[in-house]
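Engineer: Here it is, the structure in full.
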Amino acid sequence: IYLKNIDQLNKSEQKELYRTMVRAPKNRVKWLASSAGNMEETIKKGTFLPELYEKLSDIKIHLPPLRERREDIEDLAHVFISELHLKYGNEVAGIREDAMTELISYDWPGNISQLKRVMEQLFLKTNAFYIDQNEVELVLKQSDAQVGMEEKYARIDLSGTLDDIEKQVI
């Protein structure tokens with residue numbers, strides 16, 4: 001069972017997950033969890049249950065953010081284009097060198113999932129055989145706005161009453 005962004009769970013969800021993991025048959029269920037942040041820091045702050053972390057942390061893999069491994073961006077972009085051909089089947093054959101330079105120089109706050117969304121938008125938007133720099137610049141500006149909105153709304157605590165949540169949104 002894959003648990004994406006486990007650090008986003010609130011305390012009651014963490015406790016319920018821990019109880020579920022303890023009750024699950026040991027040989028039948030394999031757990032895989034990911035988080036965007038530093039889990040040790042999250043535990044020190046008291047926002048993540050140490051016992052749940054211990055249960056999940058048999059093997060730890062640190063994957064640096066995309067901005068720290070820019071050499072992977074070109075390969076990932078080509079993989080996404082290949083996948084998108086299967087999904088949509090348009091005529092895009094690749095990406096121009098200046099457009100790739102633009103992608104490589106971007107900081108990717110949303111990491112690989114953001115790159116994948118950007119590549120899909122570029123793939124669908126492009127009417128030529130190659131994605132060009134102007135399209136990349138436009139889509140990255142739109143992506144920046146979207147990431148900003150996601151960050152803004154990710155901080156809303158949904159554990160209160162509807163009135164409390166409404167006040168946070170307003």
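Engineer: For the stretch 102-117, indicate whether the set of residues that are more than 14 Å from residue 73 (Cβ to Cβ), among the basic types (Lys, Arg) and touching a Leu at 6+ places or on another chain (Cβ under 9 Å) is non-empty.
Structural biologist: no
Engineer: Would you check which residues across the stretch 82-94 are open to solvent by less than 70 Å² (accessible area, probe 1.4 Å) and either assigned to a loop (DSSP other than H, G, I, E, B) or at pLDDT 95 or above (or both) and list them?
Structural biologist: Scanning the stretch 82-94 gives 89, 90, 92, 93.
Engineer: Would you check which residues across the stretch 48-81 are modelled with pLDDT of 90 or more and hydroxyl-bearing (Ser, Thr, Tyr) and list them?
Structural biologist: The answer is 53, and nothing else.
Engineer: Quick check on the stretch 142-151. Is at least one of its residues at pLDDT below 70 and touching a Gly at 6+ places or on another chain (Cβ under 9 Å)? Give the derivation first.
Structural biologist: At the first step, the residues of the stretch 142-151 found to be at pLDDT below 70 are 147-151.
Add one more test, that the residue is touching a Gly at 6+ places or on another chain (Cβ under 9 Å), and what stays is 147, 150.
The answer is yes; a qualifying residue exists.
Engineer: For the list (1) modelled with pLDDT of 90 or more; (2) touching a helix residue (DSSP H, G or I) at 6+ places or on another chain (Cβ under 9 Å); (3) farther than 22 Å from residue 141 by Cβ, I need the number of the one condition that residue 98 fails.
Structural biologist: (3)
Engineer: On to the next question. Evaluate the following for residue 104: is it at pLDDT 95 or above, closer than 18 Å to residue 65 by Cα and either among the aromatic types (Phe, Trp, Tyr) or under 24 Å from the mean Cα position of the chain (by Cα) (or both)?
Structural biologist: The answer is yes for residue 104.
Engineer: Give, as residue ranges, the helices (runs of 4 or more DSSP H) completely inside the stretch 1-65 that count at least 3 residues that are touching a residue at least 12 places away in the same chain (Cβ under 8 Å) and open to solvent by 50 Å² or more (accessible area, probe 1.4 Å). Show your work before the answer.
Structural biologist: Values: elements: 11-23, 39-45, 50-56.
Output list reads 11-23.
Engineer: Continuing with this model, one more query. Failed condition for residue 68, given (1) under 30 Å from residue 17 (Cα atoms); (2) open to solvent by 90 Å² or more (accessible area, probe 1.4 Å); (3) acidic (Asp, Glu), with all others met?
Structural biologist: Only one criterion is unmet by residue 68, namely (1).
Engineer: Looking at the stretch 36-70 only, could you name the residues that are touching an Asp or Glu at 6+ places or on another chain (Cβ under 9 Å) and more than 21 Å from residue 114 (Cβ to Cβ)?
Structural biologist: Across the stretch 36-70, the qualifying residues are 39, 42, 47, 48, 53.
Engineer: A further question on this structure: When you look at residue 104, is it out of contact with any Ser or Thr (no Cβ under 8 Å at 6 or more places or on another chain), surrounded by 12 or more Cβ atoms within 10 Å (Cβ to Cβ), β-branched (Val, Ile, Thr) and in contact (Cβ under 8 Å) with a residue 40 or more places away in the chain, yes or no?
Structural biologist: No.
The values are calculated or read from the model by the stated rules, or taken from the named source; none is laboratory data. Please read these numbers as outputs of a predicted model, since none were measured by experiment. Glycine also receives a Cβ, built like all others from the backbone with ideal geometry; neighbour counts cover every protein chain displayed. We work out accessible area using only protein heavy atoms, side chains counted, and drop any ligands, DNA or RNA first. Shrake-Rupley method; radii C 1.70, N 1.55, O 1.52, S 1.80 Å.
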